[in-house]
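Asker: Submitted below is the structure of interest, expressed as structure tokens.
The values are calculated or read from the model by the stated rules, or taken from the named source; none is laboratory data. Note that the structure is a prediction, hence the values are computed from the model and not measured. Quick reminder, even Gly has a Cβ in these numbers, built from the backbone with ideal geometry, and neighbours come from all protein chains shown.
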Amino acid sequence: MLYRGAAGDNTLHRHASVQICQSDTPLSMMDADGNTIRGRALLVRPDVPHQLLPMATLTLLLIEPQSALGQAWLRQAGDADICQLPESEYLDLSLSLPELNSQLHRATTVYAAQLDPRLVRALDYIHGQPLNGAVARAAEHAGISVSRLRTLATQQLGVPLSKWVLWQAIRLSAQSALSMSLAEAALAGGFADQAHFTRSARKLFGLTPTELLRAAAT
């Protein structure tokens, strides 16, 4: 997911992805303890509570942790939950979002050398699957127990599998919301109802689905 524009009000939240925030001017982010981290380019590890403070313009990238690019940036972060990126790792902000997306897309194939092949198969299967029963179906598809699959995901992705699956469901519902009502989109992603979709989006993004769609349209 790529976004360029204003950073508005958002609550403390945790992504199931690696997050890069970059701007031409220093931006500020708060962690769960209320500490403020500042810098032109900040990296947030998956499942780390954070709140991006409002600013006029920034570029934001959310990249799945199993991708080659996600794995590379996780190594860049070391043990830090939130850190500044070195200038050598900055995104090229002179590119348009479509150009930047094309550049990054070439680096997002699954980095199989670093991940258990059974986990790779399970994650590939989960893409586009409804939320209900996704983990059990993925484990069966990958030939692994549910408990072992959950352990591998936490160890190698840095985020509980349930949250990663929830991230996929939000993506599916958000895409569906472009052509149907929020209530219908919630069901399409496997949520019990629109309220379930809204609570989940706020938990992972700090924004409601309506606010996410409004941001995507600007």
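Asker: Any idea which residue in the stretch 191-209 is modelled with the highest pLDDT, counting only those that are aromatic (Phe, Trp, Tyr) and out of contact with any Pro (no Cβ under 7 Å at 6 or more places or on another chain)?
Answerer: Only one residue tops the list, namely Phe191.
Asker: Can you confirm whether Gly78 is surrounded by fewer than 19 Cβ atoms within 10 Å (Cβ to Cβ), under 21 Å from Gln155 (Cα atoms) and modelled with pLDDT under 90?
Answerer: Yes.
Asker: For the stretch 99-190, which fully contained helices (runs of 4 or more DSSP H) count at least 3 residues that are touching a residue at least 12 places away in the same chain (Cβ under 8 Å) and either crowded, with 21+ Cβ neighbours inside 10 Å or of a type in the set (D, E, K, R) (or both)?
Answerer: 117-126, 134-142, 146-157, 161-176
Asker: Further, regarding this structure: Can you name the residue in the stretch 136-160 that is hydrophobic (A, V, I, L, M, F, W, C) and modelled with pLDDT under 90 and, of all such residues, is nearest to Gln194 (Cα to Cα)?
Answerer: If we take residues in the stretch 136-160 being hydrophobic (A, V, I, L, M, F, W, C) and modelled with pLDDT under 90, then Val159 is nearest to Gln194 (Cα to Cα).
Asker: Related question: Checking the conditions here, which among Leu131, Leu152, Leu213, Leu207 is closer than 25 Å to Leu74 by Cβ, of a type outside the set (D, E, K, R) and within 17 Å of the chain's Cα centre (by Cα)?
Answerer: The match here is Leu207.
Matching residues to (1) under 17 Å from the mean Cα position of the chain (by Cα); (2) among the β-branched types (Val, Ile, Thr); (3) at positive phi:
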| residue | (1), (2), (3) |
| --- | --- |
| Thr25 | no, yes, no |
| His50 | yes, no, no |
| Glu64 | yes, no, no |
| Leu93 | no, no, no |
| Ser102 | no, no, no |
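Asker: What is the residue count in the stretch 1-21 for residues that are part of a strand (DSSP E or B) and surrounded by fewer than 20 Cβ atoms within 10 Å (Cβ to Cβ)?
Answerer: The qualifying residues number 6.
Asker: Does Asp47 count as among the acidic types (Asp, Glu) and either under 18 Å from Gln76 (Cα atoms) or in the same structural domain as Val159 (by TED's automatic domain parsing) (or both)?
Answerer: So Asp47 passes the test.
Asker: Residues that are within 22 Å of Ser96 (Cβ to Cβ) and at pLDDT 90 or above: find the strands (runs of 3 or more DSSP E) completely inside the stretch 35-75 holding 2 or more of those.
Answerer: 36-44, 55-63
Asker: Moving on. What's the number of the only condition in (1) buried (at least 17 other Cβ atoms within 10 Å of the Cβ); (2) in contact with a strand residue (DSSP E or B) (Cβ under 7 Å, 6 or more places away or on another chain); (3) among the polar types (S, T, N, Q) that Gln71 fails to meet?
Answerer: (2)
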